[in-house]
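No lab work stands behind these numbers, since they all come straight from the coordinates. No experiment lies behind these values; they were computed from the predicted model shown. Quick reminder, even Gly has a Cβ in these numbers, built from the backbone with ideal geometry, and neighbours come from all protein chains shown.
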Amino acid sequence: MLKEMQDLHDLYVKVHATIHQMVDDLADEQWVKKPADHFNNIASILEHTLLVERRFFAQLKGETADIDARAPFLATNWDVAKIKAMWAENERLAKDAFEHLTPEDLEGPGAKLGVGEVNKRQLAVYAIAHTAHHRGQIPLVKKLLGI
């Protein structure tokens with residue numbers, strides 16, 4: 001793996017580890033409880049994050065992935081066991097996506113995002129930034145739930 005991608009992968013793992021620390025001691029009921037009708041719960045936040053990661057990791061590999069990352073926010077029930085399994089699988093998918101990138105790949109087209117067109121280097125960084133963004137929502141939800 002390129003040093004640059006190893007560094008980004010290490011950061012990705014660190015961000016995931018902090019999320020693990022925030023949710024590992026929660027019961028499934030706490031994952032799915034909403035602090036209010038107009039708020040997301042922890043399950044929807046994490047499932048959304050995982051789906052976005054999967055789409056970005058596929059794009060890093062030059063693949064397309066038809067993934068509806070908004071679906072968890074529109075759902076009325078969530079499978080916490082499935083989300084936890086996806087979490088572990090995404091950590092493997094990240095390594096697989098990052099380890100095969102060459103310097104030339106990093107300059108190639110990555111995706112068209114809300115911020116505009118990005119190359120694969122920028123897409124890898126954006127994947128981590130997106131996860132870190134949603135990581136910040138978890139303490140708020142926990143606080144509102146009194147956890």
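Key figures
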| read-out | value |
| --- | --- |
| Residues VAL115, VAL13, VAL80 arranged by fewest to most Cβ contacts within 10 Å | VAL115, VAL13, VAL80 |
| Three-way shape label, the range 43-121, alpha-carbon gyration tensor, a/c 1.5 | oblate |
| Prolate/oblate/rounded call for the range 3-145, Cα gyration tensor, a/c under 1.5 rounded | prolate |
| Exposure proxy ranking, count of Cβ atoms within 10 Å, fewest first, for ARG55, ARG92 | ARG92, ARG55 |
| Acute angle (nearest 10 degrees) that the helix 42-60 long axis makes with the longest principal axis of the chain, alpha-carbon atoms | 10 degrees |
| Those aspartates and glutamates that a straight Cα-Cα span of less than 15 Å connects to LYS34, excepting residues fewer than 8 apart in one chain | GLU47, ASP79 |
| Under-5 Å amide H pairs with ASN119, H placed in peptide plane, nonlocal only | GLY110 |
| Surrounding net charge for VAL141, when Lys and Arg each add one and Asp and Glu each subtract one, Cβ distance under 10 Å | +4 |
| Student exercise, the chain dipole from Lys, Arg, Asp, Glu Cβ charges, in Debye to nearest 20 | 400 debye |
| Pairs from LYS61/LYS84; LYS84/LYS142; LYS33/LYS84; LYS82/LYS120; LYS112/LYS142 whose Cα-Cα separation, in the structure shown, is over 26 Å | LYS82/LYS120; LYS112/LYS142 |
| In order through the range 16-24: 3J(HN,Hα) via Karplus (6.51 cos²θ - 1.76 cosθ + 1.60), integer Hz, x for Gly, Pro | 4, 4, 5, 5, 3, 4, 6, 10, 4 |
